[in-house]
Every structure is written in structure tokens, then in C-alpha cells.
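**Q** Would you mind keeping the following structure in view while I ask a few things?
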Amino acid sequence: MTSDKPKDRESVNWEGAIEIETRSEEVGLRLDRFLALRFEDSSRAWLQKLIREGRVDIAGQEGLSPSTRLRKGDLVRVAYYEASALPPERMEDIPPLTPIYEDEEILVIDKEAGIVCHPGAGARRVTVSDMACAHCGLLLPSPPGEPRPGIVHRLDRETSGVMVLAKTLPAMAALQKQFHDRVVQKEYLAIVFGAPRFFSDWITVPLQRDPKRPERIRVAPLGGRKAETYYEVKERFREFAFLLCRPKTGRTHQIRVHLDSVHHSIVGDRVYRSRKVQGIRVPEDAPVPKRQALHAHRLEFVHPASGKKMSFEAPVPADMERFLEWLRAERAIPQEKGRGR
């Protein structure tokens, strides 16, 4: 069990620390409340722990506590990330990782469906974090208290496609800031049930955790967190469509829930399935993917060290491509032949 005993500031690794300048409307806020607003995905308890451990600094102030009140012009420095590695016993029998791109700062991969990003509750299985640690052979950055070395953003276990991982503390901080500020461009490909009414559209309903089933996300009847997904139709088939999706926000299960909310559930999704598509059936011998047909096709971001804009793509995986070929042969719409390919 780790101690919350304050550390000497000089002993804290400030490499990759995040600097936040307080805004006028934040003057007077408690320090822990201020951090909770800026780090939405972290619990307040963990942020209080960072303060007590001396991993939060305000120039010219000593003895910071969670109840410290912010003043005008305060520059808050947070050593939010820390280097971590997986235990040796978890490094055995890790399958090799083949990067799309790699340098001293980042690692870009095409994640296979069926692999979770990092360890969590439930049965133990090989994760993207495991594979990255084994591949790099060094400590990778991770948020404090969260065993997910290298993980900047996440894809669902059954979603395939492009992911970027961080190899250094500054890279982790810079990349997560880009995701937080919504400047990263993401494109997904999805095969869905039904015939979309429009060629393209925005889905902007807010989302929240389902209070009865917290592992699931639902459309928020009131309040909720802002969520926006743009989609356009690449190909139409009888009772199915092939979509390109660009999420503006990055909420958990966002694309899956948004498409389900307009009755275009993703093929193979066993959690989010609109009642309006329950009656759509395909022959048993059709090559339907055995997972949700959702693929992170393209990712564009700014390199955390060079400042160069970078873009990476992962081709449509074989299971989705086989089903698309079947749809083109068996469910083609006459006027759609020769279009959208």
C-alpha cells in the first residue's frame, strides 16, 4: 500500500508535467475541485492523493492541500503521469507487436479485434499494454494508479484499428491533451443494419452511464455528457449499409450507442441492438463478423516532439471485407451498383 506522505518537490519526476493557468472564473476554487474539472476521467480521490504526494505544485506556495484555494494568476503544475512497467510474470507468452510506425516518442499499431487495451476487472487476458511493454522493453508512461502503460486512448475489445501509444512522459501528456482538446481527427468504418434516410447526418444526443447497468452507456434522458458523431454512407445494400463515422467527441461506446439510437445498430454488436432491426436475418452461411463490425480506419494528430501533422490508416480487416463482398453479391441495390466503392 502506497503512502500519501508528501514528497520533496525535487524528488518528483516533473518530466512531462502538465501546466495549467487558472482562469478568472476559477479563482477561489478548491485545488482538488479545480483538478477534477480539468481531469474529467480521474476520480477526485486520486487527484487528492496526487496533491498530498507532492505531485501538484503552484509557484511560490508551500504546503498545498486539497482545500487550498486558487488565486488570480496561479500556474498549476501537475506531475500527472508516471513511468510504469508490467510485472515479469505478466510478460510471458506475449504475442509480438508489429507497429505501423515507431520512433523514440510514439508507437502506432493496428489493433486486432478481441484484444483489450489494458488490464481491468474480470478474467486476465493479454492486452495492448502487455504487448507494448514486451515490444519496447522499457518503462512506459501511465496515469497514476491506473495500470495501463502506454495507453493514450482506447478502443473497445471487439473494435479493430489504428491506435497511438506513448513511449515517454512528455509524449503521453501532449497526446492526451490533443484528444482532450478534440484536435485529433478520427475516422471509423462500420457495417450497420437498416437503410439510412440521409446520405450524411450528425447525431448529437448526450450520453450517460446506465444507472441500472453501469457497464453500459445510454442516451441521456436529461443532462448527460455532450457527444457528437458525424456519419456518411459509403455503400447501401438491402437492409444494410457501410458507413464512415467521424466522432467529434470521444465518449465511451459513443459510435455504437449513437448509431443504435437512430436504429442503425452495428452488425455483430451483442450489447447495443435496436428492436427495429431485430427482424433482419441473413443466411447462416453468410460470413457475418463474429464481433461488432466497427473499425478505426484513420487517425490524424500532431507528433508530440516534432510538431509535424501525422496521419495513419489501417485497412478494412478481413472479416469485415468478407461480409462486404457478400453484401455486394447478395444484397446489392441495382441503382447502387458501381457506386461508393
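The values are calculated or read from the model by the stated rules, or taken from the named source; none is laboratory data. Remember, predicted model here, so these are calculated numbers, not experimental data. A quick note on method: Cβ atoms are made from the backbone with ideal geometry, for glycine too, and the neighbour counts reach across all protein chains shown.
**Q** When you look at G145, is it surrounded by fewer than 18 Cβ atoms within 10 Å (Cβ to Cβ) and touching a helix residue (DSSP H, G or I) at 6+ places or on another chain (Cβ under 7 Å), yes or no?
**A** yes
**Q** Any chance the range 255-264 includes a residue that's free of Cβ contacts under 8 Å to residues at least 24 places away in the same chain and either among the charged types (D, E, K, R) or crowded, with 16+ Cβ neighbours inside 10 Å (or both)?
**A** yes
**Q** I'm told D41 meets every condition in (1) of a type outside the set (A, V, I, L, M, F, W, C); (2) exposed (fewer than 15 other Cβ atoms within 10 Å of the Cβ); (3) within 22 Å of K177 (Cα to Cα); (4) modelled with pLDDT of 85 or more except one. Can you identify the failing condition by its number?
**A** So the condition that D41 fails would be (4).
**Q** Has the range 125-134 got at least one residue that is closer than 22 Å to S265 by Cα and surrounded by 18 or more Cβ atoms within 10 Å (Cβ to Cβ)?
**A** no
**Q** Scan the range 303-336 for residues that are farther than 23 Å from R236 by Cα and buried (at least 16 other Cβ atoms within 10 Å of the Cβ) and jot them down.
**A** H303, P304, F312
**Q** Please enumerate the residues belonging to the range 44-57 that are within 26 Å of V152 (Cβ to Cβ), among the basic types (K, R) and either modelled with pLDDT under 90 or not in a loop (DSSP other than H, G, I, E, B) (or both).
**A** If the condition is that a residue be within 26 Å of V152 (Cβ to Cβ), among the basic types (K, R) and either modelled with pLDDT under 90 or not in a loop (DSSP other than H, G, I, E, B) (or both), then R44, K49 are the ones that fit.
**Q** Find the strands (runs of 3 or more DSSP E) located wholly in the range 95-204 whose residues include 3 or more that are under 15 Å from S84 (Cβ atoms) and not assigned by TED's automatic domain parsing to the domain that holds L243, and list them.
**A** Filter on the range 95-204 gives 140-142.
**Q** Please verify whether the range 264-275 includes one or more residues that are outside any loop (DSSP other than H, G, I, E, B) and more than 30 Å from L175 (Cβ to Cβ).
**A** yes
**Q** Would you pick out the residues in the range 220-232 that are in a strand (DSSP E or B) and at pLDDT 95 or above?
**A** Selection gives T229, Y230, Y231, E232.
**Q** Could you please give the count of residues in the range 11-26 that are assigned to a loop (DSSP other than H, G, I, E, B), of a type in the set (A, V, I, L, M, F, W, C) and closer than 12 Å to V76 by Cβ?
**A** 1
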